[in-house]
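Every read-out reported here was derived from the displayed coordinates using simple, explicitly stated rules and does not represent laboratory data. Values in this document were obtained by computation on a predicted structure and should not be read as measured data. Every residue, glycine among them, receives a Cβ derived from its backbone with ideal geometry; neighbour counts consider all protein chains shown.
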Amino acid sequence: MEAIEAAGCRLGRNDRRIISELLADLAHRDRLSLVELLDSPDLAAVLRDERRNGPQKTDALKARLQARRWPTYTKAEAAFQTARRNLRLHSKVRVEHTPYFEDGQLNISFTASDPAELSEIIDSLTNLHGKDLVKDALEASKDSD
């Protein structure tokens, strides 16, 4: 952890725990020392990036570690986010999958300040008709392996 903090990462208790667990899992799985793991090109690039401040480095490091630890989930999440953006739903509509895509369901929420806005929101929700965002995201994650 000292090397990570020396690179400028700001680690609160929760980030420290998450990063420690990810590093331990990856080092064990890939049979690398922590030094070798942190010296890998993708992680070293984050730690050496002078354009990022401490919190940005911490977030980027955590994201890279999670992507290495759970590559299929990371790809599915990216595919889901892209598909959701492409639907061009009303800005007050939130569409989320359940944690880790566990049951294939979507959680949809929105707020409307008046009947006209509600009508706009309902019209935009028709963009979801016939789409299976979760299934498509999971298939996209398999296709890119």
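In angstrom, the C-alpha Rg and Dmax of segment 2-69 are 10.9, 31. If R0 is taken as 25 Å, the Cβ-Cβ distance between Arg48 and Tyr73 corresponds to a FRET efficiency of 0.40. Considering all alpha-carbon pairs of the chain, what whole percent are spaced by more than 27 angstrom? Across the chain, Cα pairs with separations above 27 Å total 42 percent. Temperature 37 °C, viscosity 0.692 mPa s: under these conditions the Stokes-Einstein estimate for segment 72-143, based on its Kirkwood radius over C-alpha pairs, is 256 µm² per second. In order along segment 13-30, phi translates into HN-Hα couplings of 4, 5, 4, 4, 5, 4, 5, 4, 5, 5, 4, 5, 4, 5, 4, 5, 4, 8 Hz, rounded to whole numbers, per the Karplus curve 6.51 cos²θ - 1.76 cosθ + 1.60 with θ = phi - 60° and x for Gly and Pro. Label positions at Ala24 and Glu139, each projected 7 Å from the Cα along the C-beta direction, are separated by 4.0 nm. Working from Cα positions, state the angle (0 to 90°, nearest 10) between the long axis of helix 54-69 and the longest principal axis of the chain. It is inclined by approximately 80 degrees.
Given their separation in residues at 0.36 nm each and the Cα-Cα distance between them, Arg88 and His129 gain 13.5 nm when the chain is fully extended. The angle separating the long axis of helix 115-125 from the principal Cα axis of greatest extent in the chain is about 60 degrees. Nearest 10 degrees, 0 to 90: what angle lies between the long axis of helix 71-86 and the longest principal axis of the chain (Cα atoms)? So the helix axis and the longest Cα principal axis differ by about 30 degrees.
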